[in-house]
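Worksheet: one structure, shown below.
Values quoted throughout were computed directly from the atomic coordinates according to the rules given, and no laboratory measurement underlies them. Since the structure is predicted, the reported quantities are computational estimates derived from the model, not experimental observations. Here the Cβ positions follow ideal geometry from the backbone for every residue, glycine too, while neighbour counts run over all protein chains shown.
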Amino acid sequence: MVLNKGQLTEEDIKLEILRHSAAHVMAEAVQSIFPDTKFGIGPAIESGFYYDFDLPRSLTSDDLPLIEAKMSEIIASDVPFVRQEVTKEEAQQLFAAQPYKLELIDEIPDEKVSLYQQGLFVDLCRGPHVSSTGEIKAFKLISVAGAYWRGDEHRPMLQRIYGVAFETREALAEHLKRLDEAAKSDHRKLGRELDLFSIHEEAGPGLVHWHPKGAVVRRVIEDFWKDEHVKRGYDIIYTPHIAKLDLWKTSGHWEFYRDYLYSPMEVEGQKYIIKPMNCLGHILIYKTGRHSYRELPIRYAELGTVYRYERSGVLHGLSRVRGFTQDDAHIFCRFDQLEDEVVGVLDLALFMADTFGFSNYQVLLSTRPEKHAGAIQLWEEATETLRQALARLRLAYDIDPGEGVFYGPKIDIKFRDAVGRAWQGPTIQVDFNLPQRFNVTYIGEDGQEHLVAMVHRTVLGSMERFLASLIEHYGGAFPVWLAPLQVMVIPVADRHLDYAHKLEAELKSVGIRVKVDARSETVNLKIRQAQLDKIPYMLVVGDKEVAASTVSIRLRSGKQLVSQSFDDFKASVRTAIADMVKNLKL
């Protein structure tokens, strides 16, 4: 069954109302502690709520228990939520000391606005709410963060308090347990601990430096990605990192995405910008020759690094950065080939998801936004083509109304990781805009020029965001084929070093990533360090192993296996790598 994203279940609606009501109670609690508080907005979000405040001092996590206690008092009083309508003028008088509310009131097109009051607290709000504060049974304040007003870095920085709320204490406890698990697997924390990557303020926020171990994981993924694309009929290409500004004006990116583009630089009297997308380079390559209908589809793929100006307030580890590498591809085809091409991309995207261990995902079909390019008939035909492709693969999906890109509808796939969080992954976008603006054509069977159908797509997303989701999905304990270091050889004493290095050389010769821990430390300490580094296999070798050409095997889980011949171990590891085993209990 296909559900419209806006058509929430009854349970979803109840929870959203409960959480929004909890945000109002939190705002009242904050006001009681800080009477001069200026209020921003306080919506319900997935699994929780937040409210933005302009406060006389900075909050810390130590303030949250005090606010929680005041919230509990308000909830215990069980006062009703009361709705009323007033004129905009009356609302402006009521919120005369609240500049952020006044700004919101000015933008309301109606003559009247709705307010909600519980106790002495009144807020500008459409509602609805629970009938009284006593219905809020299970809540917890989670964190404090900074947030620019309206997401604009040129506006005041407010303080945002996040909370969660559920109908029962049991559901709350389960959610807090998942949050604890998520904190332990936070890719920023694991990135430091496992020495995978770093981000340096002196180089600039949102710019990732890949360390040797992280670079190994990325290289393995990229090599696999390239090989699979070549198998599926893609040509791998490379395009420059900068291009003339006029190119981006012709494409419409300068008009539609200017706030996310870096300022132009001048080179020999010409203005250039760092590329925010790879598509224009692919179009220029396509247009270097004339193409017959018999040649199509043509599929260009590139691991292309792009740069976009993201506000510092939204940067987040690898998942929101300013420089990132898209696993990008563009397909040039006839309109009668479009459905088959979308099916092919979906098949590849789901193959990639399965290969990397993501079995839980959500599919969204995003439709025409208010601001768009192209005729409505083209939009409807393209949207129907995407529907048909999803139907052919029997994929359940939700409609995401109005969330298509300006140049066409799209399909998005969001992965859910091991603790249930959603990550933006593959996207498939039909484009009417660029073929028209750049006259991207083919010679049809009738000998005339026809505009191509153009598809933008990624099957992982960006390498940075995908690595963030992968790190957190596995908690840093990557499957053997992805692990930066797959085997650590641990000699018991110096006299066993020659045998350890012999094993290392033989494993390296068959492509296994291995190292000998030759430090003058105890065996137990070396084992413990290898476990902390989440290395899948540890081979402990002493007198017995040297004499019998065997290895004593420990897994990163702490489990010890029966000793076996080195050749048998080598064969089993090679099989695990070749089969890309995802669920090996290590």
Need the full-extension length gain, Lys189 to His291, defined as separation in residues times 0.36 nm minus the C-alpha distance. One decimal, nm. 31.7 nm
Give me the extension gain from Asp579 to Tyr260: residue separation times 0.36 nm, minus the current Cα-Cα distance, reported in nm with one decimal. 110.7 nm
In sequence order, what are the phi-derived ³J(HN,Hα) couplings for segment 289-304 according to the Karplus relation 6.51 cos²θ - 1.76 cosθ + 1.60 with θ = phi - 60°, rounded to whole Hz, with x for glycine and proline? x, 8, 10, 7, 4, 6, 7, 7, x, 10, 10, 9, 10, 8, 8, x
Per-residue Cβ neighbour rank within 10 angstrom, fewest leading, Thr250, Thr550, Thr9: Thr9, Thr250, Thr550
Mind listing the phi-derived Karplus ³J(HN,Hα) values for segment 157-164, rounded to whole Hz, using 6.51, -1.76 and 1.60 with θ = phi - 60°, and x for any glycine or proline? 7, 9, 9, 10, 9, 9, x, 10
Are there any GluC sites (Glu not before Pro) in segment 208-302 that are in a DSSP loop and have at most 13 other Cβ atoms within 10 Å? List them by number. Glu268, Glu295
Projected label distance in nm at His501 and Tyr238, using a 7 Å step from Cα toward the beta-carbon: 3.6
Proxy exposure order for His229, His24, His316 (fewest C-beta within 10 Å first) is His316, His229, His24
Percentage relative contact order, the chain, counting C-alpha pairs under 8 Å, at least six apart: 11
Find me the longest stretch of the chain that has none of the exposed trypsin sites (Lys or Arg not before Pro), where exposed means in a DSSP loop (not H, G, I, E or B) with at most 11 other Cβ atoms within 10 Å. 127-289
Just in segment 115-211: which GluC sites (Glu not before Pro) are loop by DSSP and have at most 16 other Cβ atoms within 10 Å? Glu153, Glu167, Glu201, Glu202
In whole Å, what three semi-axes, largest first, describe the equivalent ellipsoid of the chain built from its Cα gyration tensor (square root of 5 times each eigenvalue)? 45, 38, 22
Would you please state the base-10 log of I(q)/I(0) at q = 0.10, 0.14 1/Å for segment 3-184, with intensities from the Debye formula using one equal scatterer on every alpha carbon? -0.40, -0.80
For segment 341-353, in residue order, the Karplus 3J(HN,Hα) values (coefficients 6.51, -1.76, 1.60; θ = phi - 60°; whole Hz; Gly and Pro = x) are 5, 5, 4, x, 5, 4, 4, 5, 4, 6, 4, 5, 4
If I model a spin label as a point 7 Å beyond the Cα along the Cα-Cβ vector, how far apart are those points for His211 and Asp567 in nm? 3.9
Contour minus Cα-Cα distance for His450 and Ser114 (0.36 nm per residue): 115.6 nm
So the pair-distance distribution of segment 487-578, from every Cα-Cα distance in 5 Å bins, comes to percents of 3, 15, 28, 28, 20, 6, 1
Which GluC sites (Glu not before Pro) from segment 403-482 combine a DSSP loop assignment with at most 14 other Cβ atoms within 10 Å? Glu445
